[in-house]
1. Tell me the residue from Ala216, Ala244 that is of a type in the set (Gly, Ala, Ser), in contact (Cβ under 8 Å) with a residue 24 or more places away in the chain and open to solvent by less than 10 Å² (accessible area, probe 1.4 Å), please.
2. Does any residue of segment 178-199 turn out to be assigned to a helix (DSSP H, G or I) and within 20 Å of the chain's Cα centre (by Cα)?
3. Looking only at segment 4-19, filter to residues that are under 12 Å from Gly91 (Cβ atoms) and part of a helix (DSSP H, G or I); which one of those is least open to solvent (accessible area, probe 1.4 Å)?
4. Evaluate the following for Gln108: is it crowded, with 20+ Cβ neighbours inside 10 Å and more than 27 Å from Asp178 (Cβ to Cβ)?
5. May I ask you to list pairs of residues, at least six apart or on different chains, whose Cβ atoms are under 6 Å apart, with the first in segment 112-137 being more than 12 Å from Phe165 (Cα to Cα) and the second being of a type in the set (Gly, Ala, Ser) and open to solvent by less than 10 Å² (accessible area, probe 1.4 Å)?
6. Just a yes or no: is a residue in segment 251-265 under 21 Å from the mean Cα position of the chain (by Cα) and either hydrophobic (A, V, I, L, M, F, W, C) or open to solvent by less than 40 Å² (accessible area, probe 1.4 Å) (or both)?
7. Can you find even one residue in segment 160-178 that is among the aliphatic types (A, V, I, L, M), within 23 Å of Ile258 (Cα to Cα) and either crowded, with 17+ Cβ neighbours inside 10 Å or touching a residue at least 12 places away in the same chain (Cβ under 8 Å) (or both)?
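The values are calculated or read from the model by the stated rules, or taken from the named source; none is laboratory data. These numbers were taken from a predicted model, which means no experiment stands behind them. Ideal geometry is used to build each Cβ from the backbone, glycine not excepted, and the neighbour counts take in all protein chains shown. Surface accessibility is based on the protein's heavy atoms, side chains included, excluding ligands, DNA and RNA. Shrake-Rupley method; radii C 1.70, N 1.55, O 1.52, S 1.80 Å.
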Amino acid sequence: MHYKNKTVWITGASSGIGEALAKAFYREGANLILSSRRAETLEKVKKGLGEEQERVKVLTIDLADSKSFQSKTKEALGLFGQIDVLVNNGGISQRSVFEETDIDTIRQLMEVNFFGSIGLTKEILPHMISRKSGQIIVTSSVAGKIGTKFRTGYAASKHAVQGFFDSLRQELYEHHIDVTLLCPGPIKTNITKNALTGDGSSFGKMGDLHETAMDANEMVQKVWSRLKARKEEIIISSPKERLALFVKRISPSLLNRILKNSKVV
Ligand SMILES: NC(=O)c1ccc[n+]([C@@H]2O[C@H](COP(=O)([O-])OP(=O)(O)OC[C@H]3O[C@@H](n4cnc5c(N)ncnc54)[C@H](OP(=O)(O)O)[C@@H]3O)[C@@H](O)[C@H]2O)c1
């Protein structure tokens, strides 16, 4: 599979992993639709990609506003006439214990991370099904497999993403549409700064775990051949998270005991 001349719609393209994915798809010769809420930042990302600016369009979207998805998808389809790859990447994290977290904050996490991803997918599917081709990439997380402190709503949203897209994949085989779940461990982006605290305000600082984590461009470089090969799931994490995933499989209770005393911010 190659991405040259394919059209790729990326949400969360204004920063971090989405921006790094945009650079990689651009290098590969794809047409790009960059989406997130911040138009100016998306324009900066667009400018930074390279000289072939006609291959890149900006389309703002708020993933919490599901009512806009139908018209935004129509707009996106009009930009290059088709969409071959949808990258559901936009998302927010959480840093708060549940006891001090408003239910509305949990709803916000579910709205953006879960309903945002499945809502856009729902809109683009008829187009992909009619063409009998497409790839849906979803940035899940190791938090979609392992729950930790301070991430109740975030882990819930990513577990929901995992379950949803694993199920959807089964329905899409017959239409030749591939679903790729990308599951990173900590990556050095603004995710912690933008994470929601209990009252919905931003955490505002980079956590230690992310300060020393892998850079987003390096991450994309490491997963690139697997993305192109349309692997069903790609886990990209440090040896520590890989070990945690292994322990979870063989002894979930042992993992819980280890996590109880681990630093997870
Ligand atoms: N970094 C990590 O450690 C890590 C690990 C596992 C998974 N992930 C996942 O990776 C994805 C990207 O995160 P990141 O690490 O690159 O963090 P980031 O640098 O904070 O980027 C988040 C992106 O999501 C967009 N976004 C947030 N809320 C949005 C909304 N309501 N509507 C539209 N776009 C929205 C942001 O754009 P605007 O602010 O411009 O809207 C931004 O482009 C997320 O799904 C995250 O859960 C990250």
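1. Of Ala216, Ala244, the one residue that is of a type in the set (Gly, Ala, Ser), in contact (Cβ under 8 Å) with a residue 24 or more places away in the chain and open to solvent by less than 10 Å² (accessible area, probe 1.4 Å) is Ala216.
2. No, there is no match, as no residue in segment 178-199 is assigned to a helix (DSSP H, G or I) and within 20 Å of the chain's Cα centre (by Cα).
3. Here the answer is Gly18.
4. Details: crowded, with 20+ Cβ neighbours inside 10 Å: no; more than 27 Å from Asp178 (Cβ to Cβ): yes.
For Gln108, the condition - crowded, with 20+ Cβ neighbours inside 10 Å and more than 27 Å from Asp178 (Cβ to Cβ) - is not met.
5. These pairs meet every condition: Asn113/Ser157; Met128/Gly134.
6. Within segment 251-265, one or more residues are under 21 Å from the mean Cα position of the chain (by Cα) and either hydrophobic (A, V, I, L, M, F, W, C) or open to solvent by less than 40 Å² (accessible area, probe 1.4 Å) (or both).
7. Here is the first cut: in segment 160-178, the ones among the aliphatic types (A, V, I, L, M) are 160-161, 168, 172, 177.
The next check asks that each one be within 23 Å of Ile258 (Cα to Cα); those that pass are none.
No: zero hits.
Residues checked against (1) open to solvent by 60 Å² or more (accessible area, probe 1.4 Å); (2) more than 15 Å from the ligand (Cβ to nearest atom):
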site	(1), (2)
Leu21	no, no
Lys44	yes, no
Glu51	yes, yes
Thr60	no, no
Lys67	yes, no
